[in-house]
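Okay, so here's the structure we're looking at.
The values are calculated or read from the model by the stated rules, or taken from the named source; none is laboratory data. Bear in mind that the values here come from a model prediction, so they are computed numbers and not experimental data. A quick note on method: Cβ atoms are made from the backbone with ideal geometry, for glycine too, and the neighbour counts reach across all protein chains shown. Just so you know, the surface numbers come from the protein's heavy atoms only, side chains and all, with ligands and any DNA or RNA stripped out. Shrake-Rupley method; radii C 1.70, N 1.55, O 1.52, S 1.80 Å.
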Amino acid sequence: MIDLKYLQSNFDEASQKLRRKSVDVQTLKKLQVLFAELKKANQELETAQAEQNSMSKLFGQYKREGRDIVELKAKVDANKAAMIPLQESAREAEATLYELALGIPNFPDDSVPEGAYEEDNVELRKVLEPISFDFKPLEHWDLAERNGWIDFERGVKLAKSRFSILKGEASRLERALINFFLDTNRDKGFTEYSVPFLNNTAMMLSTGQLPKFQNDQFKICDEDLYLIPTAEVPLTNMYNNEILPESELPLLMTGYTPCFRKEAGSAGRDTRGIIRQHQFNKVEMVAITHPDRSDEVFDLMVANASDILTALGLPHRVVELCTGDLGFSAAKTTDLEVWLPGQGKYREISSISNTRDFQARRAKIRYKDGKKNKLVHTLNGSALAVGRTIVAIMENYQNEDGSIEIPEVLKKYM
RNA sequence: AGACAGGUGGCCGAGCGGUUGAAGGCGCACGCCUGGAACGCGUGUAUGGGGCAACUCAUCGAGGGUUCGAAUCCCUUCCUGUCUGCCA
């Protein structure tokens, strides 16, 4: 959630920042009004409550002293009745405010390039040159068929479209990648966690998947549980509603989880292959940092993900997302796009975001700064998406006969 | 899943309708004491919100209710423990 006090005191600046994320000024004005209304309603209610509390105290004292309480009782009853509408308006003001506020995206950093679409993202650098093939490289689904690596039909039979089965060497490759990613992350100082794949509504709200993206989530019926769309949810929320000693920061975490996404609004995109599945595996990095250090940790995370791709010998580029492509919670995002020779395109394989204090405010993750509690910064990024790495290995390591080599660094894992 | 017991401050633990935001202890911080330490003594030690202060509101797992007044009573829910059942 954005800082409503900041919105209140620097409205023009705040609304300019959010205009870059296509948030209408009218919405923000409404938010500002609601915030003022809530404050006023709370003040009125508080005054009445203070009155009620002191009269109740007096009531007790009168009784103890055996004094007559009829008159006081009447006063106290009247005040109580007067409080009911105040309570209602305060409650209503709060509900309306938060409903709106929870749907407002984060402020983009000033450094984020302007743009509406993916095409406006800015390439920062390329790492490794795409390999030139002396034959026409195949797309991964063709290679999957030749090698018997992926069973699309039976995956669909078990669940529905956008589910698949990895078979034999492909399944082993997946397992090897997960171990390789986790080991590498651990070497870089990230502590490994194995977390629940189902998280409750409060957690999904805290990291920003809810309430706005309800339609993208798989929900368990009759339970207050969602299948996680990313390990960012459980890893970040491990510290939900906690106050951390400053000395413990930064917390660097990593974990492997499957991720579940409905991919609402992606109808027709990447329908072939395993680029876009309802269930995919991912190794995630999450960092909880002191606000002064989040940029530094961000760079570390980008470097780490890029180094992994380099170690796998996969050509990729580092791209800074423009305002239009930035996610809801992110203040800044850098994507890594891996070269897919079969498709002849760079495709996203990792996305690293700094949400600054946006998630921390929702999740109430603070650190002790002397006597005061301040919000931490939270960051998250993939290292890496496993399914897409398999695709990248298949396409980049294919031979003319359709066979696939295994990258050197993975050999000890298989 | 069923039965019983319970969820109080960093921790332990009292309180079971009224000056209790919460006794007492431990821990921690600071000070005194000491050559230095332990002991001892003193002071302080939750979170969020509003007031640039005095002060005030909320919070005793969470949510609702009863009451002038609730940590204390009632309901719902979550969690923990023990026993029973089931299960990888």
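At-a-glance table
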{"item": "Meets criteria (under 17 Å from A:S351 (Cα atoms) and either at pLDDT 95 or above or touching a helix residue (DSSP H, G or I) at 6+ places or on another chain (Cβ under 8 Å) (or both)) for A:A264", "result": "no"}
{"item": "Residue in the stretch A:253-275 that is surrounded by 22 or more Cβ atoms within 10 Å (Cβ to Cβ), of a type in the set (G, A, S) and either outside the structural domain of A:L158 (by TED's automatic domain parsing) or under 26 Å from A:L100 (Cα atoms) (or both) present", "result": "no"}
{"item": "Hits in the stretch A:397-414 (condition: open to solvent by less than 10 Å² (accessible area, probe 1.4 Å) and in a helix (DSSP H, G or I))", "result": "A:L410"}
{"item": "Condition met for A:L97 (assigned to a helix (DSSP H, G or I) and within 11 Å of RNA strand B (Cβ to nearest atom))", "result": "no"}
{"item": "Any pair with Cβ under 6 angstrom, 6 or more apart, that starts in the stretch A:360-373 at a residue that is in the same structural domain as A:L205 (by TED's automatic domain parsing) and ends at one that is near RNA strand B (Cβ under 10 Å from one of its atoms) and not in a strand (DSSP E or B)", "result": "A:K364/A:N241"}
{"item": "Some residue of the stretch A:19-38 being assigned to a helix (DSSP H, G or I) and more than 29 Å from the chain's Cα centre (by Cα)", "result": "yes"}
{"item": "Among the candidates A:R388, A:R361, residue that is open to solvent by 10 Å² or more (accessible area, probe 1.4 Å), in a helix (DSSP H, G or I) and within 21 Å of A:R272 (Cβ to Cβ)", "result": "A:R388"}
{"item": "Members of the stretch A:1-23 found to be open to solvent by 80 Å² or more (accessible area, probe 1.4 Å) and more than 14 Å from RNA strand B (Cβ to nearest atom), listed by number", "result": "A:D12, A:E13, A:Q16, A:R19, A:S22"}
{"item": "Yes/no for A:D325 being in the same structural domain as A:L143 (by TED's automatic domain parsing), more than 16 Å from RNA strand B (Cβ to nearest atom) and open to solvent by 10 Å² or more (accessible area, probe 1.4 Å)", "result": "yes"}
{"item": "Residue check for A:V338: of a type in the set (A, V, I, L, M), open to solvent by less than 10 Å² (accessible area, probe 1.4 Å), part of a strand (DSSP E or B) and touching a Leu at 6+ places or on another chain (Cβ under 9 Å)", "result": "yes"}
{"item": "Test: residue in the stretch A:188-204 that is without any contact (Cβ under 8 Å) to a residue 60 or more places away in the chain, of a type in the set (G, A, S) and assigned to a helix (DSSP H, G or I)", "result": "yes"}
{"item": "Total residues in the stretch A:129-153, condition among the hydrophobic types (A, V, I, L, M, F, W, C), under 9 Å from A:Q398 (Cβ atoms) and buried (at least 17 other Cβ atoms within 10 Å of the Cβ)", "result": "2"}
{"item": "Top-ranked residue of the stretch A:36-55 - restricted to ones that are open to solvent by less than 40 Å² (accessible area, probe 1.4 Å) and under 21 Å from A:L102 (Cα atoms), ranked as nearest to RNA strand B (Cβ to nearest atom)", "result": "A:L38"}
{"item": "Filtered residue count, the stretch A:279-311, keeping only those that are among the aliphatic types (A, V, I, L, M), part of a helix (DSSP H, G or I) and crowded, with 17+ Cβ neighbours inside 10 Å", "result": "7"}
{"item": "Residues satisfying the stated conditions in the stretch A:214-247, i.e. crowded, with 22+ Cβ neighbours inside 10 Å and within 16 Å of RNA strand B (Cβ to nearest atom)", "result": "A:Y226, A:P234, A:N237, A:Y239"}
{"item": "Pairs with Cβ under 9 Å, 6+ apart, first in the stretch A:46-62 and closer than 10 Å to A:L72 by Cβ, second more than 6 Å from RNA strand B (Cβ to nearest atom) and open to solvent by less than 60 Å² (accessible area, probe 1.4 Å)", "result": "A:M55/A:L72; A:M55/A:N79; A:L58/A:L72; A:F59/A:I69; A:F59/A:L72; A:Y62/A:I69; A:Y62/A:L72"}
{"item": "Output for the stretch A:299-323, where each listed residue is out of contact with any Lys or Arg (no Cβ under 7 Å at 6 or more places or on another chain), closer than 25 Å to A:L375 by Cβ and in contact (Cβ under 8 Å) with a residue 12 or more places away in the chain", "result": "A:L300, A:M301, A:V302, A:E320, A:L321"}
{"item": "When residues of the stretch A:56-93 are limited to those that are among the small types (G, A, S) and within 6 Å of RNA strand B (Cβ to nearest atom), the one farthest from A:L34 (Cα to Cα)", "result": "A:G60"}
